[in-house]
Every structure is written in structure tokens, then in C-alpha cells.
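Okay, so here's the structure we're looking at.
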Amino acid sequence: MRGPSIAHIVLVIAMLATVPLLTTSNAVLNFLIVALLIALVGQGWNVLGGYGGQYSFGHAAFFGTGAYVTAILQMRYGINAWPAFALGIAGGALVGAAIGALTFRSGLKGSYFALVTLAFAEVLRILASVAPITGAGVGILITLDLRPQAFQFQSRAPFYWIVLALLAASLVIVRLIEQSRFGAWLVAVRENEDAAKAVGVDTVRVKLVAMTISAAITAAGGGFYVQYFLFIDSGIAYGPWISIEALLAPIVGGIGTVFGPLLGAVVVKTLGELTKLITGDAPGLDLVIYGGVLVLIVAFAPHGITSLLAALRVRFARLRSSASEGVHG
Amino acid sequence: MAEPVLRVERAFKRFGGLLAVDNASLAVEAGRITALIGPNGAGKTTLFSIISGFMPPSEGHIFHRGADITGMPPHLVARRGIVRTFQIVQPFAGLTVHENIAIGAHLSRRSRAEALDAAAEVASTVGLGDLLGRPAASLTVAGRKRLEVARALAAEPELLLLDEVLAGLNPAEVATMMPIIRGIADAGVTILMIEHVMQAVMSLAGHVFVLAEGRIIAEGAPQVVVDNPRVVEAYLGHGAAARLSAAGGVHV
Amino acid sequence: MLSPVVLVPAILNGLLTGAVYGLVALGLTLIYGVLHIINFAHGALLTAAMFAAFFAHRLLGLDPYLAAIVLTPLFFALGYCLQRFVIGPAAHGEDRNILLVTLGLAVLIENVLLYAFGADTRTLNLDYAFDIVDLGIAFLAVPRVIGFGVVLVVALVLWLILSLTDTGKAIRAVAKEKLGAELSGIDVGHIYAVTFGLGTACLAIAACLLIPTYYVNPHVGNAFVLIAFTIVVLGGMGSVTGALVGGLFIGVVESLCGLYLGESLGQIGIFVMFILVLLLRPSGLFGERA
């Protein structure tokens with residue numbers, strides 16, 4: 001499948017890695033960390049939605065589980081932050097597998113699938129808002145302990161590099177999927193499930209595996225979030241905001257591509273910041289923009305910015321070749 | 001005699017009050033091209049869906065080389081070597097011709113590179129070799145039919161179920177497709193084809209089953225079946241056979 | 001716990017609430033039955049209608065039942081324009097795109113309301129809000145009883161529209177067989193928009209019925225819409241009877257769950273039922289095979 005090579009990915013990551021060496025502005029680093037985090041979460045969504053064609057409206061379920069497991073294991077069971085983080089990813093993957101097993105075996109797809117994922121996320125949110133273990137309405141605060149062993153750092157740069165590394169891993173995973181038989185099967189499921197079955201693709205199993213990978217990547221984002229912000233509650237963990245950002249980034253950037261979520265996350269977050277600059281810190285305004293952007297992108301560039309760029313490149317190449325013909329011909 | 005590649009034994013299929021398949025039995029011998037013909041709405045595609053696992057029969061059994069595969073899910077039936085095409089073509093529209101066929105090839109190949117190579121070979125045998133990079137959605141009807149066949153072929157089936165691959169093709173396209181089908185059979189693939197284009201049935205099929213209103217009403221060599229008055233009546237209506245023989249017989 | 005003194009009022013109140021749920025679900029199922037889309041913006045539109053009803057009283061002194069007369073055609077027009085000029089064109093006919101566009105609209109509308117009016121919860125204080133009908137075995141709030149009656153009237157009017165008017169027949173034709181309807185000269189785009197408008201009009205009426213006894217904030221629609229989705233899935237996508245009967249059923253279930261489990265967990269009961277119905281029978285009890 002066409003797409004960036006591993007070398008390309010390494011190059012982009014290397015360039016991004018130099019940013020903390022070029023600036024010490026906390027504002028810039030914070031912005032980029034959040035953007036990369038959304039890119040990570042969006043990449044998770046991309047595996048199931050972009051490549052698999054199954055649009056989940058409830059990816060918060062995995063983000064929140066990753067965050068809560070990381071937080072709960074640290075604060076209630078005294079487990080070190082790093083293994084807690086890893087278990088958070090495992091927890092998210094498990095939730096993904098469970099939801100996937102229930103929904104895909106029932107043959108749910110399209111709007112029904114979107115609906116049921118929405119419902120699962122909402123159930124988790126309500127449970128988390130009343131359960132003692134998640135801190136109910138109050139949430140969980142991670143105690144300040146600015147040591148690398150505790151997955152906390154004095155400056156932002158290490159956080160930046162960690163989320164960048166996580167993103168890099170997700171980019172590589174997606175590229176490997178693109179080049180594998182599993183990836184071919186996944187895309188076949190997206191394009192036409194019956195035709196896929198007719199040539200031997202176990203569509204239920206493929207979707208399930210994709211969902212689990214998708215959930216794991218998104219859960220990593222959740223775990224990182226709680227380590228960076230040191231606070232989580234049911235609205236942040238399982239709220240609609242993250243379900244929407246998870247799908248907005250890949251759709252804006254380029255659904256079903258390796259770099260789409262990264263590009264989309266940067267664009268979306270930049271739009272959010274610009275909005276805040278122009279209109280001040282009003283609640284809800286950034287989501288207004290996101291809603292509008294979603295409608296506009298679907299209307300005018302349904303395959304995202306990367307496909308717009310590709311189309312422009314083709315048109316540019318045609319112009320140049322016809323121009324040179326004009327000169328010679 | 002060896003166990004037939006496929007045996008359908010007294011299959012029934014009910015949809016609510018409608019009996020789409022009514023006590024249908026047939027057998028497909030290895031290495032032959034067998035045709036399944038009959039008027040529209042006879043239940044032929046339903047039978048294909050039952051054989052390939054897309055729906056279970058209400059009653060009856062399907063045997064593949066003697067093994068009972070009734071109710072087996074479609075992807076497992078395909079992995080056993082029975083691959084179907086669809087009457088209304090189902091390409092992977094967002095992918096290229098090459099990628100489409102490669103997905104078929106992936107049934108028996110793990111490596112992407114191998115699958116793509118195998119796909120390219122299959123593409124040239126059906127005449128799509130020059131169109132590998134084209135998006136599947138940009139092909140003509142004839143091209144899409146070939147793509148459908150190529151993708152199924154790349155899965156290296158033992159039994160290929162062709163559902164009206166010639167429908168919608170003009171005579172020139174039919175003439176190009178027929179040798180391709182003959183070539184597939186010559187390479188050792190058993191074919192069961194649903195077809196309306198009689199010219200193809202007559203020249204390609206070694207054995208023919210006729211399905212009308214869900215029931216098998218005749219079987220045998222093409223020439224014999226086509227002259228069968230019951231078959232004529234199924235297509236042309238009650239009393240047609242008598243009228244035609246009065247007027248001078250059936251010509252094909 | 002199971003004494004009739006407690007049960008009967010719970011059930012009756014459940015029926016009254018359920019009727020309004022049914023009206024919300026009616027709009028949703030109408031849109032699904034004809035356009036075959038799941039309108040994710042339904043909740044946000046209900047919220048918008050409730051804000052409209054609220055401010056109609058606050059700023060114009062309009063009683064909600066009177067406001068309905070103004071808001072219903074207004075929201076019909078809004079729904080018509082949304083489908084005709086935004087959703088229809090943006091989606092290019094692809095199901096996945098329609099999903100996203102209605103989601104985008106939902107996010108946009110809800111957050112415009114949040115930005116404009118803040119997150120505070122507001123209620124109207126109407127003098128008759130606390131009047132009750134004394135049935136002996138139960139006390140029922142007057143606005144709710146009125147609401148129940150209005151829903152029945154609306155359902156009847158809708159039924160009349162669909163069976164007797166030309167537009168209604170066109171709607172049914174498009175719902176059954178879009179291509180055939182198109183070939184018969186029906187302007188499918190217009191019919192889609194009319195149907196969407198009818199769905200939003202139902203929301204306007206429901207909002208006016210709810211506002212005397214309910215609160216309003218930018219997220220209120222979400223609670224209703226998941227309930228509406230549950231009803232529609234339970235009662236059958238596209239089934240008008242199913243939406244109404246389902247609404248009554250869910251109203252009673254919610255009332256009883258709230259009685260025994262408390263508010264928050266009662267909500268979970270609805271979601272869990274929703275998930276179960278989707279997993280086990282997505283076509284619902286009245287609907288066609290999914």
C-alpha cells in the first residue's frame with residue numbers, strides 16, 4: 001500500500017524531536033504536547049475507523065480506561081507509575097476487545113456501531129462519576145512527585161519526548177499494518193465485507209483485532225494525559241470531548257493514512273488556539289469550531305487534507321507538464 | 001466414481017412465506033464446467049449464497065468432497081477452496097485493481113510482496129495486466145466483471161462459483177470473456193456457473209442443471225436440456241413447448 | 001416497596017413522561033424511516049428548542065403552550081433548511097459522511113448554546129407548574145397530563161398528514177421505495193427536507209411540553225436523545241407505533257428504575273437496555289429486519 005516509508009517516519013520524528021532544543025517556551029511546548037497527544041489518540045481511532053471503516057463515536061471509553069487504570073494503580077495500590085502506565089494500556093485494550101467482541105459478533109456496523117460505542121462510553125462515564133474507586137464526582141489527583149521514576153518531570157521537554165516516542169511507535173505500527181496481510185484484510189473489510197468474506201477474510205476477527213490495537217493506542221494517550229496533567233475525572237476521562245477529538249484529527253488530516261492524524265491534530269489544535277486568541281477563553285467555543293470544521297471537511301474534503309494536498313500535487317504536475325509542452329511543442 | 005466436488009442434497013430455503021429453493025439437489029464433478037440456468041427469480045443466486053455459506057439452508061445439506069459444510073461461515077467455505085463471485089459486482093471500490101486481486105491472493109499467502117506478484121500474474125491471465133494501477137471504481141462493467149473473476153481466481157479455488165459473469169456485456173466482450181473461463185477450467189479449476197447467455201452455456205458447459213421456481217426441473221448435457229419441453233415452458237410459459245414444436249422446433 | 005401506593009404513581013408518571021419521550025423518538029424514527037439516517041443532531045436540536053421555549057417566556061412572556069404555536073413552524077423551517085442545504089449536500093450520499101455531518105452539527109449546535117448561554121441550569125417558574133390532578137391513588141402534575149394529551153393529538157395529526165395529504169403520501173412513497181418515487185416525479189430532496197422538518201417540529205412541541213416541569217442547560221438534549229435512540233431501536237427503526245409504545249414503555253422503566261436505584265443508576269438502566277437491544281435485536285420489536 002502506498003504510504004510513507006519507515007525512513008520517512010523516522011525523519012519526521014527526528015525533526016519534531018529537535019523542537020525542545022530550539023525553544024524553551026512553556027506555552028509552545030504545552031501546545032505541542034497536547035497536539036501530539038491528540039495525534040496519538042487520533043491514530044488509535046484511525047486504525048479502526050480510517051483503515052477498518054468502523055466509525056466509533058465512543059473512543060473515550062479507551063482513553064478514560066487508560067487514564068483511570070494508570071491513576072488508580074498509582075494512587076490506590078501504590079504501584080509505580082511506569083508499570084501502571086503499561087497496565088493502563090492493557091486495560092484499554094481489554095475494554096476494546098470486550099466491546100468489540102460484543103458488537104462485532106452481533107454484526108453491528110455503520111450507524112448502529114457508532115451508536116453503541118457512544119452508549120458504552122456514556123455508561124462508563126456515569127459509572128465513573130459515582131464509583132468510589134474512580135473518586136466519583138471528585139476524580140483522582142496524582143500526588144506531585146517530580147522524579148523520572150514516578151513518570152513526572154520538572155520541565156516539559158521530557159514529557160514532549162515521551163509523547164513523541166509514543167506517537168512514533170503508533171506511526172510505525174500503522175505503517176507495518178499497511179504493509180501486512182492483516183492490513184490488506186482490514187482495508188478489504190472497510191471497502192466491502194461480503195466480498196472480503198468470499199475470499200476467505202474472517203471479518204469479525206479482523207475487526208476485533210483492529211479494535212484492540214485501536215483501543216491500546218488510545219489508552220496510551222489516556223495514561224499519558226493523567227501523568228502530564230496529574231488529574232482525571234469522569235468528564236475528562238469518558239466525556240464526549242475526547243471522542244470527538246479522536247475522530248476529528250484523522251478525518252481532518254487524512255483518514256486512513258499514516259500521517260493524517262498528526263496533521264489533523266496540529267490543524268485542529270491550532271484552530272482551537274486561534275479561536276481562544278481572538279475571542280478569549282469562552283467555554284464551548286473551541287468545540288463549536290470543531291463541529292463546524294467536521295461538517296466542512298466532510299462537505300469539501302472527505303478524505304482529509306492529505307488527499308487535498310495529493311490532488312493539488314497532481315494538478316500542479318499536470319500544469320507543469322503542459323506548460324513545458326507549450327514551450328517545446 | 002469419485003465423490004463429486006460439490007453435492008447439494010435436498011436444499012430448501014424459506015424467506016417468510018416464500019419458498020425460494022424447493023428440494024434442490026445437484027452434484028458438480030471435478031474438472032468440469034457445470035452450468036446452473038433458469039428463468040429470473042428461480043433461486044439460483046440464493047442457491048449460490050447457501051453453497052458459499054452466506055446463508056444457511058432452511059433444510060438440506062451441502063457436501064464438499066464428502067464433508068458436510070452446511071451452515072459453515074463464508075470465509076471458512078472460501079478457505080476450503082470454494083470461492084464465489086457476485087451477480088452485482090462487489091469490487092473494493094477505493095482500492096486499485098492490483099490491490100483488489102491481491103486480497104484474493106492473500107488467502108494462501110502471508111507476504112504482501114508475494115500476494116502482489118501473484119495478483120499481477122492473475123491479472124494478465126484475465127487481461128487486466130495493463131490496468132493494475134487503476135482505481136477499481138474507474139473500470140467499465142466488463143472490466144469490473146473481469147476484476148471479480150480475477151480476485152476469485154487469485155484465491156486459488158478448487159471450485160469457482162461464477163454468478164452471471166457475462167451479464168451486461170456486449171457480444172464482443174462476451175466473446176473475449178468466454179476463452180478466459182475456458183482457460184480457468186483447463187487449468188484445473190472446477191466451475192459452477194449461473195448464466196443467462198445461452199451461447200456461453202452451450203459452448204462451455206459439460207453439464208447443465210435447470211432451476212425453475214426453486215426446483216431442479218432438468219439436468220444433463222446442454223443440448224438435451226435445452227430441447228426439454230419442461231425447460232422451454234419454464235422460460236417461455238405454459239404451453240410454449242407445444243406451440244414451438246408445432247411451429248417447427250426449438251433452435252439454439 | 002411494591003405497594004400500589006408507590007407503584008401506581010410511579011407507573012402513571014412514567015407513562016406521562018414516556019409520552020413526551022415518545023414524541024422525541026417519533027421525530028427520530030420518522031427521519032430514519034424516510035432518510036435512513038440516524039440523526040445524531042437530534043439531541044442538540046431538542047436543546048435548542050428548549051432554550052427557545054425558555055427565552056420565549058423569559059423575554060417575550062409567552063406561555064410555553066402558546067410558544068409552541070410559533071416555535072413549531074420555526075423549527076420545521078430550521079429542520080428543512082438543515083437537511084436541504086447542509087446535511088444533504090455535505091454528505092454526497094454516503095452513509096459514513098451523513099454520520100459525521102450530523103455529529104458535527106450536534107457538536108456545533110450544543111456548543112453554540114453553551115457559548116451563548118453558559119453552562120448554568122435554568123428553570124421556568126410558572127404558576128401552574130405545580131398544579132396537580134388528584135386521582136386519589138396518585139397525584140399527577142397538570143403540565144404533564146396536558147403533555148400526554150398533546151402528544152396523542154400530535155400523533156393523530158401526524159398520522160392524518162401521512163395518510164391523507166399528498167405530501168404525506170409522497171413521504172411514505174419515498175420511505176418505501178426511493179428510486180421508484182423519484183421516477184414517479186417526486187422531488188426526493190424536498191421530501192427528505194420536509195421529513196427532517198417534521199422531525200424537528202416534533203422536537204419543538206416536545207420542548208414546549210417539557211419546559212414547564214423540566215430544567216434546561218446545554219447538555220439536556222443528550223439525556224433525552226439517548227433515551228430516544230433506545231426507544232427507536234426498541235420500537236423499531238422507522239415504526240411510528242413503535243416509537244410511541246416504546247416511549248411509554250421506557251418512561252415506565254425509567255420511573256421504576258429511578259424509584260429503586262436512584263437517579264444516576266436509573267440512567268444506566270436505560271443505556272444498558274439500549275446496548276442490549278442493539279446487540280440482540282437491532283431491528284427492534286416492531287421494525288423490519290436490520
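Rule-based calculations on the coordinates, nothing more; no lab input. Because the structure is predicted, anything quoted here is derived from the model rather than measured. No Cβ is skipped: glycine too gets one built from the backbone with ideal geometry, and neighbour counts run over all protein chains shown.
Below are the figures for this structure:
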quantity	calculated
Spatially proximal lysines relative to B:LYS44 (Cα-Cα < 18 Å; intrachain offsets below 8 disregarded)	B:LYS13
Zero-based 5 Å bins, Cα pair distances in the stretch C:138-290, whole percents	2, 8, 13, 19, 20, 17, 11, 6, 3, 1, 0, 0
Two-decimal log10 I(q)/I(0) for the stretch A:182-294, as the Debye equation yields it once each C-alpha is a single scatterer, q = 0.11, 0.13, 0.17 Å⁻¹	-0.49, -0.66, -0.97
Relative packing of C:52-63, A:171-182, which averages over residues the other C-beta atoms within 10 Å, highest first	A:171-182, C:52-63
Top positive-direction residue, dipole computed over chain B with Cβ charges, set B:ALA102, B:ILE191, B:ILE217	B:ALA102
Residue-averaged 222 nm ellipticity for the protein assembly as shown, from DSSP H runs of 4+ at -39500 (n - 2.57), nearest 500	-21000 deg cm²/dmol
Test item: Cα-centred dipole of chain A, Lys/Arg +1 and Asp/Glu -1 on Cβ, debye	540 debye
Relative contact order %, chain A, counting alpha carbon pairs below 8 Å whose residues are six or more apart	31 percent
Mean shadow area of chain C, taken as a quarter of the surface of its Cα convex hull (nm²)	15.4 nm²
Cut-off under 5 Å, modelled amide H: who pairs with A:GLY256 long-range	A:GLY50, A:TYR51
Listed residue pairs exceeding 27 Å between alpha carbons, taken from A:LYS197/B:LYS145; A:LYS109/C:LYS169; A:LYS109/A:LYS197; A:LYS109/C:LYS176	A:LYS109/C:LYS169
Rg/Rg_ref, the protein assembly as shown, where Rg_ref = 2.2 N^0.38 Å and atoms are Cα	1.06
Size of chain A as Cα extents on the principal axes (Å, biggest first)	76, 53, 37
Sequence-separation-based contact order of chain C, relative, with Cα cut under 8 Å and 6+ spacing, percent	38 percent
Distance histogram in 10 Å bins (all Cα pairs of the stretch B:81-186, percent per bin)	17, 53, 28, 2
Hz values of 3J(HN,Hα) by residue in the stretch B:45-59 - Karplus curve (6.51, -1.76, 1.60), Gly and Pro given as x	5, 4, 4, 4, 4, 5, 4, 7, x, 6, 8, x, x, 5, 8
Interatomic Cα distance distribution for chain B, bins of 5 angstrom, percent	1, 6, 13, 17, 19, 16, 12, 8, 4, 2, 1, 0, 0
Phi to ³J(HN,Hα) by Karplus 6.51 cos²θ - 1.76 cosθ + 1.60 over the stretch B:18-30, Hz, x for Gly, Pro	8, 9, 7, 10, 10, 6, 8, 10, 7, 9, 10, 7, 5
Cut-off under 5 Å, modelled amide H: who pairs with C:LEU62 long-range	C:HIS57
Karplus (6.51, -1.76, 1.60) ³J(HN,Hα), θ = phi - 60°, over the stretch A:90-97, in Hz, Gly and Pro reported as x	4, x, x, 4, 5, 4, x, 5
Part-to-part distance (alpha-carbon centres) for the stretch C:137-169 and the stretch C:47-104, which is given in Å	20 Å
Estimated dipole of chain B in Debye, rounded to 20 [Cβ of Lys and Arg +1, of Asp and Glu -1, Cα centre]	340 debye
Interchain or long-range residues, amide H under 5 Å from C:GLY238's placed H	C:GLY33
Dipole magnitude of chain C, debye to nearest 20 (Cβ charges: Lys/Arg +1, Asp/Glu -1, about Cα centre)	380 debye
Ranked by how many other beta carbons lie within 10 Å on average, peptides C:39-50, A:11-22, A:261-272, B:145-156 from highest	C:39-50, B:145-156, A:261-272, A:11-22
